[in-house]
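Each reported figure results from applying straightforward, stated rules to the coordinates on display, with no laboratory input. A quick note: this is a predicted structure, and the numbers were derived from the prediction, not measured. We place every Cβ from the backbone using ideal geometry, glycine too, and count neighbours over all the protein chains shown.
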Amino acid sequence: MKKLSQAAFYEIKSSIYRNARPLDLALWQYHFENSRFYEENKKEVNAALDLLIDQRPEGGVWGIPWEWYNNDKYPKAFAISENWWKSFKVIDKRLQLKSFGRLSF
């Protein structure tokens, strides 16, 4: 297995700190930094995880909050893209929940 160089790690870390959503930042800190910031923000992280669980639709698939051209143009391409993004969101959110021990699968 290839190992990241220290420079690449710090470049990724810098990008995460600049651009990540709060829950993604907490995941980074939890997995890669064993950070005291996670402990300091545990209440907020758990609230965000609770919200993910509470907002999970009955079918288990979160929708996407956008559409293309009011669905007037490219309906077939949008349907494909929408399914891809829904799949991505399910995997992303379930991994977040699993990472913090809030879901087993």
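A few comments on the model shown:
- Modelled label positions at LYS13 and LYS42, each set 7 Å beyond Cα in the direction of Cβ, lie 2.3 nm from each other.
- Shape category assigned to the range 57-105 from the gyration tensor of Cα positions, a/c cut at 1.5: prolate
- In the chain, lysine pairs with alpha-carbon atoms under 29 angstrom apart (chain gap of 8 or more, or interchain): 29
- Approximate spin-label separation ARG56-GLN6, in nm, with each point projected 7 Å along Cα-to-Cβ: 4.1
- The slack in the chain from LYS98 to PHE32, taken as 0.36 nm per residue of separation less the alpha-carbon distance, amounts to 22.2 nm.
- Label corresponding to Kirkwood radius over Cα pairs in Å when calculated from the structure given, among (1) 14.4; (2) 14.8; (3) 16.1: (3)
- Between TYR69 and GLU82, the contour length at 0.36 nm per residue exceeds the alpha carbon distance by 3.3 nm.
- Within a Gaussian network of the chain (alpha carbon springs, distance under 10 Å), most fluctuating of LYS76, LYS43, LYS89: LYS76
- Fluctuation leader among GLU33, GLU11, GLU82 - the chain, Gaussian network, Cα springs under 10 angstrom: GLU11
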